[in-house]
1. What does the charge count around THR195 come to, taking other residues whose C-beta lies under 10 Å from its C-beta (Lys +1, Arg +1, Asp -1, Glu -1)?
2. Arrange the following residues from fewest to most other Cβ atoms within 10 Å of their Cβ: VAL140, VAL154.
3. Can you put ASP123, ASP73 in order, fewest other beta carbons within 10 Å first?
4. By the scheme Lys and Arg +1, Asp and Glu -1, what is the net charge of all other residues having a beta-carbon under 15 Å from that of SER179?
5. Report the relative contact order of the stretch 129-192, percent, no decimals, based on alpha-carbon pairs under 8 angstrom and at least 6 residues apart.
Amino acid sequence: MASKNTFKVKSETLLIIVGFLLLIIAILLFHYQKFLEVVDELYNNIQAEIYKENTTSALEVNIDVDYVEQDIDNKEEAGATPNYIGFLEIDKINLRQGLLPKKSYYNYVDYHVQIMDISDFPDKVGGNFILAGHSGTSNVAFFRNLYKLKLGDVAKVYYNSKLYKYSIVNIYKQDKDGSVNIYRNEDKTTLTLITCTKDDKTTQTIYILELDSVEAY
């Protein structure tokens, strides 16, 4: 009888030890992930400053994107088919979103990803294709997962029967005051994505991507 009790005690002790070790591992992994996030943030900030120093000018764009949690009644006219002129696709975050003409009533962040009025189109050499979108949890938060992107990640734009592939070369934040300054290499053809910063309602995040290739599709 004593041996059975001893075995039971040892089993319970072993379970406690294993549980304690698993707890320690979980805590270490959590802090390690936080450490990686801090390192990544510092690296992006350093790269942003280096990139900014190598640009000759900044383009100011008036935009006010928000972190939107409530759904917005953004239904287009009943039976209407969106007249998309292109698509933005980012495989890493499972994003595929249609793009409307600049003059469309629904080319606005409360309805779609917005092509900014000051934007060039992808086929302009040396141009800057500028897109803005909300982040958050609502039905119009098309850029909710941009925060997962890192330097080197790829975005694609389908426009005029061509596929334009871009890679991220800079990510930086600015205060949310109704406009942003876009820093880029004007010798490069670029794509700029603008959205509200995740978990920070006071800043906006700007993603600068440079063109890698153009293909027919």
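Rule-based calculations on the coordinates, nothing more; no lab input. Computed from a predicted model, the values in this text were never measured in an experiment. Because the Cβ atoms are built from the backbone with ideal geometry, glycine has one as well, and the counts that use them run over all protein chains shown.
1. Spelling it out: positives minus negatives among the neighbours equals +1.
2. VAL154, VAL140
3. Fewest-to-most Cβ neighbours within 10 Å comes out as ASP73, ASP123.
4. Charge balance in the 15 Å sphere: -4.
5. Computed over the stretch 129-192, the figure is 27 percent.
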